[in-house]
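Worksheet for the structure shown next.
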Amino acid sequence: MTETLESRFDRLILLVGKLNYMWTNTESLLIHLIAGLGDTKKDVAVIIFLTLNTTRARVDLVERLAKMDGRPPEIRDPVLELTQRLSKLSSIRNKYNHCIYSFDADSGNPKTILMRISDRKTDIKMGREDTVDEEAIQQIEDTLTQLSAANRDIWRLIGHLGFPV
């Protein structure tokens with residue numbers, strides 16, 4: 001059965017919603033890593049987490065806490081592996097969060113229009129458009145699978161290290 005353009009767009013929006021929900025849920029696990037690595041209570045870690053307003057800043061903090069002098073490799077290395085996984089997964093989330101959606105005038109396929117300005121030497125580029133085809137949908141689904149696995153792995157690490165929950 002051929003998927004209609006409307007159902008593809010509905011599928012895309014549902015996947016992006018799921019991606020945002022799963023991302024927020026997984027990113028919030030950094031609170032427990034901040035608490036454990038910073039040797040503080042969870043409520044203090046929540047304040048620190050909420051004060052940092054970007055994923056990059058939160059990941060940077062966790063990585064820096066993990067890399068502090070005297071941090072044993074058995075704590076540092078698994079934390080860094082997980083933060084690096086999250087950083088790689090963030091590119092797909094950022095793509096679909098920082099765009100607007102439209103339809104290709106000729107085919108009717110959904111497409112994204114990136115809402116970012118790229119400064120070049122002598123000009124700027126903005127509004128890069130990408131068609132949301134089956135490959136793009138599959139990429140989102142693959143990211144969801146990887147994000148789910150990362151979430152479980154972070155929880156396991158939190159428990160293994162005895163960090164505040």
**Simple label model, 7 Å out from Cα along Cβ direction - ALA57 to ALA105, nm** = 4.1 nm
**Complete:** the chain, Gaussian network, Cα under 10 Å: of SER148, SER91, SER28, the residue fluctuating most is SER91
**Request:** Take the alpha-carbon positions of the stretch 84-132, form their convex hull, and give its projected area averaged over all directions (one quarter of the hull surface) in nm².
**Result:** 4.5 nm²
**Request:** Could you run the Karplus curve 6.51 cos²θ - 1.76 cosθ + 1.60 with θ = phi - 60° over the stretch 39-50 and give me ³J(HN,Hα) per residue in whole Hz, x for Gly and Pro?
**Result:** 6, 9, 6, 4, 5, 5, 5, 4, 4, 4, 4, 6
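Rolling a 1.4 angstrom probe over the protein heavy atoms, how many square angstrom per residue are accessible across the chain?
On a per-residue basis, 60 Å².
Could you look at the stretch 4-50 and say what percent of its accessible area is carbon and sulfur, using a 1.4 Å probe and all protein chains? Walk me through the numbers before you get to the answer.
Details: 1520 of 2410 Å².
In the stretch 4-50, the share of accessible area belonging to carbon and sulfur is 63 percent.
Could you give the length gained on full extension between HIS160 and LYS67, defined as 0.36 nm per residue of separation minus the Cα-Cα distance, in nm? Could the numbers behind the result be given before it?
Working: separation 93, 0.36 × 93 = 33.48 nm, distance 1.86 nm.
Between HIS160 and LYS67, full extension yields an extra 31.6 nm.
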**For the stretch 151-165, Karplus couplings with θ = phi - 60° (6.51, -1.76, 1.60), whole Hz, Gly/Pro x** = 4, 4, 5, 5, 4, 4, 5, 4, x, 4, 7, x, 6, x, 10
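What number results when the radius of gyration of the stretch 10-165, computed over Cα atoms, is divided by 2.2 N^0.38 Å?
Details: Rg = 18.3 Å, N = 156, 2.2 N^0.38 = 15.0 Å.
It is 1.22.
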**Request:** Could you go through the stretch 135-148 in sequence order and give the Karplus-derived ³J(HN,Hα) for each residue, using 6.51 cos²θ - 1.76 cosθ + 1.60 with θ = phi - 60°, rounded to whole Hz, and x for Gly and Pro?
**Result:** 5, 5, 4, 5, 4, 5, 4, 5, 5, 4, 4, 5, 5, 4
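Pop the C-beta distance of ILE117 and ASN25 into the FRET formula with R0 = 25 Å and round what comes out to the nearest 0.05. Could you put the intermediate results ahead of the total?
Values: r = 31 Å, r/R0 = 1.22.
Efficiency, rounded to the nearest 0.05: 0.25.
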**Request:** Determine the principal axes of the Cα atoms in the stretch 83-165, then give the extent along each, sorted from largest to smallest and rounded to whole angstroms.
**Result:** 54, 34, 17
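Quickly estimate the mean residue ellipticity at 222 nm for the chain, helices only: each DSSP H run with n ≥ 4 gives -39500 (n - 2.57), and the total goes over all residues, rounded to 500. It would help to have the intermediate numbers written out before the result.
On the way: 6 runs with 106 residues, N = 165.
For the chain, the value works out to -21500 deg cm²/dmol.
The values are calculated or read from the model by the stated rules, or taken from the named source; none is laboratory data. Just so it is clear, the model here is predicted, and its values are computed rather than measured. Using ideal geometry, Cβ is built from the backbone for each residue, glycine included, and neighbour counts are taken over all protein chains shown. The area values use the complete protein model at the heavy-atom level, side chains included, leaving out ligands, DNA and RNA. Shrake-Rupley method; radii C 1.70, N 1.55, O 1.52, S 1.80 Å.
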